[in-house]
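Participant: One structure coming up, written as structure tokens, with questions to follow.
The values are calculated or read from the model by the stated rules, or taken from the named source; none is laboratory data. Remember, predicted model here, so these are calculated numbers, not experimental data. Cβ atoms come from the backbone with ideal geometry, glycine included; neighbour counts cover every protein chain shown.
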Amino acid sequence: MNRYRLLAATLFLASCATSTGSPTAVDPVVTPADEFYQSIAAFCGRSFAGKIVANTPASAAPDPFEGKALVMHVRDCNENELRIPFHVGDDRSRTWVITRRTGGLRLKHDHRHADGSPDAVTLYGGQTHEAGTAQRQEFPADAESIALFRTQGMQASLTNTWALGIVPGKKFVYELSRPNGRLFQVEFDLARAVATPAPAWGASP
């Protein structure tokens, strides 16, 4: 049994009420966040190529994402956490960490150096404030991240909102937006898996 089948079985058992002869047993509510999480978990172990579909406003400085091969790898999965490395060319510093929390989901960005040590700007992100949908969840920057950005002099990032979207079997979208009009989106083709990349920096082989 592969990792996804184990995970799917665990999530199914966690979401079902068991009846031991009582006709009043009630199935718990499956939230949009639960459905969203399970939709991503279904791709555990697989990798997908992406492309930039929005990157505004244009910057005069060189963009670290433009012109690079973009690959996401749904690498580590259990009933409470998904770890998804996001490779940008040869840069394997980024991993998205999606965690199930009471009331929703949390997204964090784990940034590492090539030797595996944490970057000065790491583990930032936020938790969902709204129910969202089975196809889209939004993560406004949390207090911990805002404090980190202030310490690092990253004023523009104080109003960050990240979003993840999925249309199962079709596409996965990573998004960063700000009220000032900043919008960055990468869309991954879920219809066609690609070769598994090398592990993210700091991850086990």
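Participant: Step by step: first the residues of region 131-147, then only those that are touching a residue at least 60 places away in the same chain (Cβ under 8 Å) and surrounded by 20 or more Cβ atoms within 10 Å (Cβ to Cβ), then the one that is nearest to Tyr174 (Cα to Cα). Which residue is that?
Facilitator: Here the answer is Gln137.
Participant: Please list, ordered by first then second residue, the pairs with beta carbon atoms under 7 Å, 6 or more apart or interchain, first in region 148-161 and part of a loop (DSSP other than H, G, I, E, B), second modelled with pLDDT of 95 or more.
Facilitator: Short answer, once both residue conditions are applied: Gln152/Ala120; Gln152/Val121; Asn160/Ala141; Asn160/Leu176; Asn160/Arg178.
Participant: Here's a follow-up. Got a sec? Which strands (runs of 3 or more DSSP E) wholly within region 26-123 have at least 2 residues that are more than 24 Å from Ser145 (Cα to Cα), touching a Lys or Arg at 6+ places or on another chain (Cβ under 9 Å) and small (Gly, Ala, Ser)?
Facilitator: 47-56
Participant: Out of curiosity, is Ala41 at pLDDT 95 or above and under 13 Å from the mean Cα position of the chain (by Cα)?
Facilitator: Taking the combined requirement at face value, the residue satisfies it.
Participant: Restricting attention to region 88-130, report how many residues are surrounded by fewer than 13 Cβ atoms within 10 Å (Cβ to Cβ) and either hydroxyl-bearing (Ser, Thr, Tyr) or touching a Phe, Trp or Tyr at 6+ places or on another chain (Cβ under 7 Å) (or both).
Facilitator: So the answer is 4.
Participant: Just checking, how many residues over region 42-69 are surrounded by 19 or more Cβ atoms within 10 Å (Cβ to Cβ) and touching a residue at least 60 places away in the same chain (Cβ under 8 Å)?
Facilitator: Number satisfying all stated conditions: 4.
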